[in-house]
Amino acid sequence: MKAAEIANGILRALGIILGICLLLFFLYEIQSVIVYVAVAGVIALIGRPVVIFFRQKLHLPNQIAVILVLTLVLAIFIGIIFVFVPIVIEQSRYLGQIDIEAFKSDLNDLNDQINNYLGVEEINIIEGLKRSEFVRNFDISLIPQFLNNVFGILGATMVAVFSILFISFFFLKDSKLMLHSILVFANHGEEQKFQRVFTKIKLLLSRYFVGLTVQISVLFILYAILLSVFEINNPIAIAFICAFLNLVPYLGPLLAGILMALFVISSHLGADFSTIIIPKLIYVMLGYGFCQMIDNFISQPMIFGASVRSHPLEIFLVILIAGLLFGIAGMVVAVPFYTALKVIAKESLSEYKIVKRLTRDL
């Protein structure tokens with residue numbers, strides 16, 4: 001091989017590596033746009049059946065149906081804000097009027113009751129907080145920076161909401177827009193295969209996200225009823241947070257249970273630990289366990305079985321591996337990503353036995 005050919009090969013390889021690095025850097029810089037498109041795609045997958053219902057059953061024009069669906073999405077978002085903002089304002093007003101000495105006394109009383117109930121060595125919570133590194137190193141100058149960050153987050157949220165709704169409108173208005181965007185990467189003569197893969201993935205993921213929405217809604221209603229029955233403060237907000245945490249498979253319900261227990265305790269701060277807090281905590285946790293049983297034995301089998309067509313053990317292993325590799329974000333996107341890979345593998349690698357086994361129900 002001539003030196004010129006070797007040099008050209010090396011330069012070509014370096015050029016490819018440089019191109020890949022530039023592409024990755026470009027994708028990193030526009031990651032927010034990618035997130036907007038991904039969220040808009042999820043909204044389109046969830047909202048498409050509703051658009052079809054409006055068009056076929058109510059005989060509405062496609063554009064009007066799309067606007068109604070996006071209006072519903074925006075109304076849900078505004079409703080969530082109206083649930084949480086008054087609670088934040090109320091808690092801010094409460095914190096401004098709170099008697100610090102009385103709060104310290106209540107906190108230490110609760111600490112003493114827990115120590116006596118559990119029979120452990122007495123630990124003073126207030127003194128422990130004073131000795132903590134966070135309290136010793138707290139800088140009052142961080143408050144203006146925190147407020148600037150809050151306003152920055154609010155501005156970014158407004159941009160994100162507008163961008164997502166704008167992209168979702170066109171995804172819902174033209175159901176083939178995403179397909180046409182993907183077909184530009186298909187080789188000549190393979191357009192039909194790409195179209196079959198895309199249609200199958202869209203159908204499965206639409207069922208999955210609709211099922212996930214139903215799952216979160218059912219849990220929200222059950223949690224709200226549970227917390228309202230036992231007179232826990234702000235039951236709607238707590239129920240929404242705990243239900244939303246279930247988007248993280250396996251780990252989310254555990255965190256939601258811990259959070260709910262903390263809210264139960266904080267709602268009765270100053271009450272007797274053994275006669276009031278412990279019984280109510282037990283009742284709420286039993287109710288929470290019942291809600292999780294409904295979710296595990298009814299909601300999840302319906303979603304994973306009927307939508308993504310995967311065995312529960314298969315899903316568990318996929319989520320576990322994704323969590324180990326990519327953390328919580330990996331656990332959230334593991335199921336839809338794995339479903340898309342299965343569809344692609346069935347179309348491209350169907351001659352392999354393991355692929356036939358994994359995709360036999362697709």
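A few remarks follow.
- Residue match in region 267-275 (condition: open to solvent by less than 90 Å² (accessible area, probe 1.4 Å), of a type outside the set (S, T, N, Q), under 24 Å from Leu219 (Cβ atoms) and modelled with pLDDT under 80): yes
- Being assigned to a helix (DSSP H, G or I), surrounded by 12 or more Cβ atoms within 10 Å (Cβ to Cβ) and at pLDDT 80 or above is a property that does not hold for Phe304.
The values are calculated or read from the model by the stated rules, or taken from the named source; none is laboratory data. In this text, all values refer to a predicted model and were calculated from it rather than measured experimentally. Positions of Cβ are backbone-derived with ideal geometry, glycine not excepted, and every protein chain shown enters the neighbour counts. Areas reflect the complete protein model, heavy atoms only, side chains present, ligands, DNA and RNA absent. Shrake-Rupley method; radii C 1.70, N 1.55, O 1.52, S 1.80 Å.
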